[in-house]
Each structure stands twice: as C-alpha cells, then as structure tokens.
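Since the structure comes first, as structure tokens, the remarks are kept for the end.
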Amino acid sequence: MVAVKVLRPVGLDGCSESEALPKMIERASREAHVWLAIDHPNVVPLVGYTFTPVLSLISPWHEKGNLRNYIFSNPDVDRLKLLLDIAKGLAYLHSRRTPLVHGDIKPENILINDRGDALIMDFGLAMVMEANPWYSSSHRQGGSLRWMAPELLLNGKETRSCRSDVYSYGGVAFEVMTSEPPHLGRSDTEISLAICDPNAPKEPFDQWAKYPQVPEAMKEMIVKCWSRRSEKRPTMAGIEERLGKLVN
C-alpha cells in the first residue's frame, strides 16, 4: 500500500492558477528529485510523484500511523529509542554536502513502521508550501506554530534552517517524554504573543516539576534545543550522539 499526498490549488489574490502552476511545478519538482535521492532508514522514502491531474507525492503507507497516535496507543513504548530514530533521520538530512532542512518537524510528520521505528515524512514539503501559498496539502494539519522556532516568527526575513529544525525537534522530544504538546492550552495567538514577549518564560511550558518522569539529561537537552539564540542550540549530530549513549 502507498500513501498519496495531494497538493490542491486554493487560489491567491492577484495571481491566477495558470500563472502560479509553472512555478509550483518547478519548485516541487526540484524538491521531489532531492527527496527521491534520500536513502535512510529513518526518513520516509518518496517512491514517485505526478503532476497530472494535480500534484501528488507518493510514499509507502505505514499502518501504525503517526508518532502522537502511536505513543497514545502504546504508552509503554521505548520513547528514548523513538527520539533517537528521529535524531538519526534529521542528522542525516543536515549532514548532506548541501544540508537539507525539513522545515516542519512535528509529531504528525513522523510515522511509525511495522518494526516500531520512527521515520520522518514530508521532507521538503514545507518549503514547497511556503513558496507557493496558493496550494494546500490534502493531509496538511495546522498547529505547526507550537513547534516553530521563534526567529521564524519574530523576523520575517529568517528562513527555515537546520537550527530551526533543532528547535522543532526539542518540541517533539518534549511531547514524546511528557505526552503533552508544547504550549499546552494556548491558542496560536497566545503562542505568538508568548514568543514575541521578551519577558515571557524561555520554555513553552510551566515547570519541569510537573514531569518527574523525564530524565535530567533529557530536560537539559530539550532546554538547549529551545534556546532563543539559534547559534546556542546543539546540532542534530550532537543530539544523536548523546541519545545513543542514553539508549544503549
């Protein structure tokens, strides 16, 4: 079985679909060719794509679903191992000769295969969607703001980067370890205000005392991922190495 993600035109003021489509196809084709070349056990492969009748991306189907649903259904799963899987996939993308940025790391974009391994999906799709706002994804879900690096919100000129991926990974790690998303109970507007307020807490949650199940080493790593200064964040290669020592 395969999964097909369809990108549908939704319209854009001042720009007709006939004008937008060639640019969309060009950008999506570049991203798809890069994705086709990706070969890593923790990155969902792209097995094909088509531009007719609409732009569609084809990848393997994983019946166990996404990371959030899998943990909800399997609360006793080895969560550190899942985080190591994700770190391996991201470290691989970031280590390419031209580093590859995912751009939208969140639990919905991580799938679980039959062996219980975590795989990153939708590689590159965030950049396609960002560059072509007149298209929407058939499987796209909102809520990415909860995992978005503050520099992307505070500075409109900032582009998604390996460092912003690390920030998002910290949010995923927090949810995996606590079963709660970052900024729990906040609307997107409230999240934006919290990020933009220099007097707001640095971390998108109340206090670690609520989560005694989280090892100190993981707390420290997550906080470093959430540094508001992107250059202070660890690399995914460093995170992979550290998690490898905790898991093995």
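Rule-based calculations on the coordinates, nothing more; no lab input. Values in this document were obtained by computation on a predicted structure and should not be read as measured data. Neighbour counts run over all protein chains shown; Cβ positions are idealised from the backbone, glycine included.
Tabulated data for the structure shown
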{"read-out": "Likely footprinting exposure, T98, T235, fewest C-beta neighbours within 10 Å first", "value": "T98, T235"}
{"read-out": "Förster-model FRET efficiency, 25 Å R0, N74 and A194, C-beta, rounded to 0.05", "value": "0.20"}
{"read-out": "Sequence of V166, V247 once ranked by neighbouring C-beta atoms within 10 Å, starting from the fewest", "value": "V247, V166"}
{"read-out": "Ranking of C162, C225, C196 by count of other Cβ atoms within 10 Å, fewest first", "value": "C196, C162, C225"}
